[in-house]
Amino acid sequence: ETFYLKDYTPFGFDVAQVELTFRLAPEATRVLSRITFVPKPDAADRRFFLHGEQLSLISARIDGAPVTPEVTDTGLTCAVPDQRFVWESEVEINPRANTALEGLYMSNGMYCTQCEAEGFRKITYYPDRPDVMSVFSVRIEGDEKVLLSNGNPVDAGAGFAEWHDPWPKPAYLFALVAGDLVNHSDRMTTQSGKDVLLNIWVRPGDEGKCDFGMEALKKSMRWDEQVYGREYDLDVFNIVAVDDFNMGAMENKGLNIFNSSCVLASPETSTDSNFERIEAIIAHEYFHNWTGNRITCRDWFQLCLKEGLTVYRDAQFTADMRSAPVKRIEDAIDLRARQFPEDNGPLAHPVRPEAFQEINNFYTATVYEKGAEVIGMLKRLVGDAAYYKALDLYFDRHDGQACTIEDWLTVFEDSTGRDLTQFKNWYSQAGTPRLKVEEQFENGTYTLTFRQTTPPTPGQPDKDPKLIPIAVGLLSPDGTEVVPTTVLEMTQAEQSFVFEGLSGKPIPSILRDFSAPVILQRDTSTQERAFLLAHDTDPFNRWDAGRELAKSARIAMVRDGASPDRDYLDALSLLVRDDTLDPAFRALVLAPPSESEIAQALADQGVSPDPEAIHDAAETFAQTLAQTLSDSLPRLFAATLVDGPYQPDAKSTGLRALNSRILSLLTRIDGGEAAAQQFEQADNMTVQSTALACLLTAEKGETQSRAFFEQWQHDRLVMDKWFALKVATARPDRAPAVAQELTGHPLFTMTNPNRFRAVLGALSMNHAGFHQADGSGYRLLADQLIALDALNPQTTARMCTSFQTWKRYDDARQDLIRSELSRIKATAGLSRDTNEMVSRILDA
Ligand code: ARG
Ligand code: ZN
């Protein structure tokens, strides 16, 4: 069954209030509901349908009188009064048998829930749609020490707890947690003087890993007050860490539930990137309290309304807490690595999709990350002051409502007077625009001519021109900026912009700060790129010039058997040794483009990418760079060591990132000596895991790998790193066998998504390993996905995306992938989630 945006019809009833009672038992939990429905006088559709899946209905009553509803696999219908009535039901569910991790399930002996998008219907019968908002009261009966739900605590005693959430919410924001947990608590006073209790709940033993998350939470709360004027609105804010979780985290009202990997942190067990990610995800979930919870989505087609905006807000937060240019570069890398392949392949869909079979398949890089880019473009077009004025209006006008993208854009139109009709294409038309640029200079007049085209995507053969904000600056050949950053508004398919009164031909810096999620296509000389790498005043474009040089050097090696480009090697060597440059920036310039990115670039040039050749080129390049820099590496390594106790701040993180890059080069020339020593002396996970990765890549790390295992086998999150590192660093021809062997390891388990992803996700990211010509990588992934689908459809479907780029490769590989995808699709009892994904990937 396919659902369509155009078919939206409101529910025929208001839900005045909801009372739920949970009698917890691992295999037979009883859920009692008491729900007050009020028919809407003007409703077009008055059918009383409640969603419900995998529930055993024990009893149902209306206004106290027993009724016998008509029950199907997906819900129930019943004759109801045409005036306010009370619906009561009792159902039984089995949390222990719930391996899908959706609804109420058990993880390590604790009860927890995941209801977004449509998991509440696995808890009780309910109109499980985001436009039905109501006030919930919850009573939990159970022997667990800690019994939590949304909102404020009302009462608690031996074996029970009661909660009341005064803010109307859709069912997807419902949450319940019960377990023998311990808390790390703190307090915070809001801007208006309200005292809030903050808790992070964890399993005993993890208490020591909560400090950083708590600080991140307090910073997020303060930041949202200062930047968006948004205060917290309950007496308590609870966060719970659970080990088995399909996604990163969930913004349930007043009770955020986190994948433990996205909240627990300690210097000994977490890397710098873990710390940065945890800070960002805590902020993201907290920010949802306003953008998602107080103002929610009318239907799931509007998912980007809350996700795009909240990702944009968490990126602003990270930019403020750390380095804005570094965050922007990281986000561009991520967008190009995850969203561009989606937008240019069989799974392409608009930021606001118009049809789906399984909504869980649309929690994508397009909805989230491109959705955030669209907000960023809007802000750039209207300006900062107008943006915040529009946001104030949005919160004023829509607080307590379930909204659409139309509502969102209307707020901007009303507050700025701008017509956003064309801008809306960003929400409705899929695909990444290509932007071609030509330049002309004559008598002091410089003209930039742009042409935009967006290739067809599934179901959308033709695209209209988009409104593209192109941030441009002009430099003179001596490196001074002659025209500072200006935002050009491109609205036509082809359009020219003129700069007058220039004394000489300038060097353009185009798409500064990555001002639009497009692919810039410009034939530029190596000299000009090297000039920008050395002199651009825009940090993003400075980095991107280096990235373009890196890519063309690599492509020339693979295509034409060229040797590593000398000029680029020299430019890199200069940059790495330039101590006036931010270490974080130098680390980013040194980071090679991914092999998958090179594969895509080759495919775009009409060449079938050979994954082994791409990998060899990467190795040769790194080896040559190491030799070029060999005299400086020991000094650089020593100079970038961070002294003193570990701190996860931006400055130390940047320095360690550079140090890691240097170590990986040094390991290529010193036989692994420095890395072995660093492993030996490491007092934090960043340094320890970097050293291990360098050694394993050099096939010299077996002893250290065993030592690492011995040291950390009790820690699930560190073990995930160990599993992932083994696969990520395996030589391509060995990678499938290494991954296969690890799936038989005693600590491997299918029921923990983090562990499954550690092995199979790492395999699909070992580009040349996954794409081994004998198909062994594909076969292993398909075998594992078929087995996982029976337990956990959501994670299975998500991991099918590893196959989305298959049309890039040669016929032989395409045949192998096609037959694996067909084998998955033919599996008896395949989930709707996986079936939809595999079908879409195969069809294109
Ligand atoms: N709303 C959550 C977030 O953005 C994601 C949860 C989605 N879960 C799912 N099963 N689709 O943080
Ligand atoms: Zn979110």
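Please compute one quarter of the surface area of the Cα convex hull for the range 1-92 and express it in square nanometres. Don't jump to the answer; show the numbers that get you there.
On the way: hull surface 28.5 nm².
For the range 1-92, the mean projected area of the Cα convex hull comes to 7.1 nm².
Per q in 0.18, 0.20 Å⁻¹, report the Debye log10 I(q)/I(0) for the range 617-739, using one uniform scatterer on each alpha carbon and no solvent.
-1.01, -1.20
Helix 832-843 versus the longest principal axis of the chain: what is the Cα-based angle in degrees, 0 to 90, to the nearest 10?
40
Report the full-extension gain for the segment Ala638 to Ser59: residue separation times 0.36 nm, less the Cα-Cα distance, to one decimal in nm. Provide the component values of the computation, followed by the final result.
Numbers: separation 579, 0.36 × 579 = 208.44 nm, distance 7.15 nm.
The span from Ala638 to Ser59 would gain 201.3 nm if fully extended.
Got a sec to turn the phi values of the range 352-369 into Karplus ³J(HN,Hα) couplings, 6.51 cos²θ - 1.76 cosθ + 1.60 with θ = phi - 60°, whole Hz, x for Gly and Pro?
With the stated coefficients, the range 352-369 comes to 10, x, 10, 8, 7, 9, 10, 4, 4, 6, 10, 8, 10, 4, 5, 5, 7, 7 Hz.
Of Phe237, Val642, Phe497, which is farthest along the charge dipole of the chain in the positive direction, counting Lys and Arg as +1 and Asp and Glu as -1 at C-beta?
Phe497
Across every pair of different alpha-carbon atoms, what Kirkwood hydrodynamic radius in Å does the chain reach? The partial results should precede the final answer.
Details: mean 1/r = 0.0351 Å⁻¹.
The answer is 28.5 Å.
Determine, from the Cβ-Cβ distance of Arg47 and Asp843 and an R0 of 45 Å, the FRET efficiency 1/(1 + (r/R0)^6), rounded to the nearest 0.05. Kindly include the intermediate steps, with their values, before the conclusion.
On the way: r = 33 Å, r/R0 = 0.74.
It comes to 0.85.
P(r) for the range 183-287, please, calculated from all Cα pair distances in 10 Å bins and given in %.
Bin by bin from 0 Å, the calculated values are 16, 52, 28, 5.
Could you rank the peptides 253-259, 693-699 by their average count of other C-beta atoms within 10 Å per residue, with the highest value first? Spell out each step's value before the answer.
Numbers: 253-259: 25.1, 693-699: 20.0.
Top of the packing list down: 253-259, 693-699.
Run the numbers for Asp783 and Asp811: contour at 0.36 nm per residue of separation, minus the present Cα-Cα distance, in nm.
On the way: separation 28, 0.36 × 28 = 10.08 nm, distance 2.19 nm.
Taking 0.36 nm per residue and subtracting the Cα distance, the gain is 7.9 nm.
Where does each of 610-616, 488-494, 440-446, 684-690 land if you order them by average Cβ count within 10 Å, highest first?
Values: 610-616: 19.6, 488-494: 14.1, 440-446: 12.0, 684-690: 23.3.
The peptides rank, most packed first, as 684-690, 610-616, 488-494, 440-446.
Can you show me the helix-derived [θ] at 222 nm for the chain, built from DSSP H runs with n ≥ 4 at -39,500 (n - 2.57) apiece and divided by the number of residues, rounded to the nearest 500. If you can, show how the numbers build up before the last one.
Working: 29 runs with 329 residues, N = 844.
Rounded to the nearest 500, it is -12000 deg cm²/dmol.
What net charge is computed for the residues neighbouring Val487, neighbours being all others with C-beta under 13 Å from the C-beta of Val487, Lys and Arg scored +1, Asp and Glu -1?
Values: positive: Lys379, Arg380, Arg512; negative: Asp384, Glu489, Asp513, Asp538.
Once all neighbours under 13 Å are counted, the net charge is -1.
Looking at the range 1-55, which GluC sites (Glu not before Pro) are DSSP coil and have at most 16 other C-beta atoms within 10 Å of their C-beta?
Here the sparse-neighbourhood loop sites are Glu1, Glu27.
Any idea what the alpha-carbon Rg over 2.2 N^0.38 Å comes to for the range 395-553? Can you show the working numbers first?
Values: Rg = 18.3 Å, N = 159, 2.2 N^0.38 = 15.1 Å.
My calculation over the Cα atoms of the range 395-553 gives 1.21.
Between the DSSP loop rule and a limit of at most 12 other Cβ atoms within 10 Å, which trypsin sites (Lys or Arg not before Pro) in the range 57-163 are left?
Details: sites: Arg61, Arg84, Arg96, Arg121, Lys122, Arg139, Lys145; in loops: Arg84, Lys145.
Hits after loop and neighbour filter: Lys145.
Could you please state, rounded to a whole Å, how far the C-alpha centre of the range 602-649 is from the C-alpha centre of the range 246-319?
32
Long-range amide H contacts for Asp670: which residues qualify at under 5 Å (H placed 1.01 Å from N, peptide plane, sequence gap of 5 or more or a different chain)?
Here the answer is none, since no amide H 5 or more places off falls under 5 Å of that of Asp670.
Lys389 versus Lys40, label points 7 Å from Cα toward the beta carbon: distance in nm?
Each label point lies 7 Å from its Cα, and together they span 3.3 nm.
Mind checking the full-extension length gain between Thr749 and Lys825? Use 0.36 nm per residue of separation minus the Cα-Cα distance, one decimal, nm.
Details: separation 76, 0.36 × 76 = 27.36 nm, distance 2.34 nm.
My answer for the length gained is 25.0 nm.
To the nearest 20 Debye, how big is the dipole of the chain about its Cα centre, given +1 on the beta carbon of each Lys and Arg and -1 on that of each Asp and Glu?
On the way: 84 positive and 123 negative charges, 85 e Å.
So the magnitude is around 400 debye.
How many nm separate the modelled label positions at Thr480 and Asp235, each set 7 Å beyond the Cα in the direction of the Cβ?
Roughly 6.5 nm, to one decimal.
Please list 653-662, 573-582 highest first by mean number of surrounding beta-carbon atoms within 10 Å per residue.
Details: 653-662: 23.9, 573-582: 13.9.
Packing proxy ranking, top to bottom: 653-662, 573-582.
Tilt of helix 384-398 relative to the longest C-alpha principal axis of the chain, in degrees (0 to 90, nearest 10)?
The angle comes out at about 10 degrees.
Listed here are the pairs Lys219/Lys463; Lys389/Lys466; Lys466/Lys551; Lys169/Lys463; Lys145/Lys169; Lys209/Lys389; which of them are more than 31 Å apart at the Cα? Could you put the intermediate results ahead of the total?
Numbers: Lys219/Lys463 42 Å; Lys389/Lys466 25 Å; Lys466/Lys551 28 Å; Lys169/Lys463 37 Å; Lys145/Lys169 27 Å; Lys209/Lys389 39 Å.
Violating the 31 Å limit, Cα to Cα: Lys219/Lys463; Lys169/Lys463; Lys209/Lys389.
Phe497 versus Phe441, label points 7 Å from Cα toward the beta carbon: distance in nm?
Label at Phe497, label at Phe441, 1.8 nm between them.
So what's the angle, to the nearest 10 degrees on a 0 to 90 scale, between helix 211-228 and the longest Cα principal axis of the chain?
Roughly 90 degrees between the two axes.
Just so you know, all these numbers are worked out from the coordinates, no wet-lab data involved. For clarity, every value in this text was computed on a predicted model and none was experimentally measured. In this analysis, Cβ positions are derived from the backbone assuming ideal geometry, glycine residues included, and neighbour counts consider all displayed protein chains.
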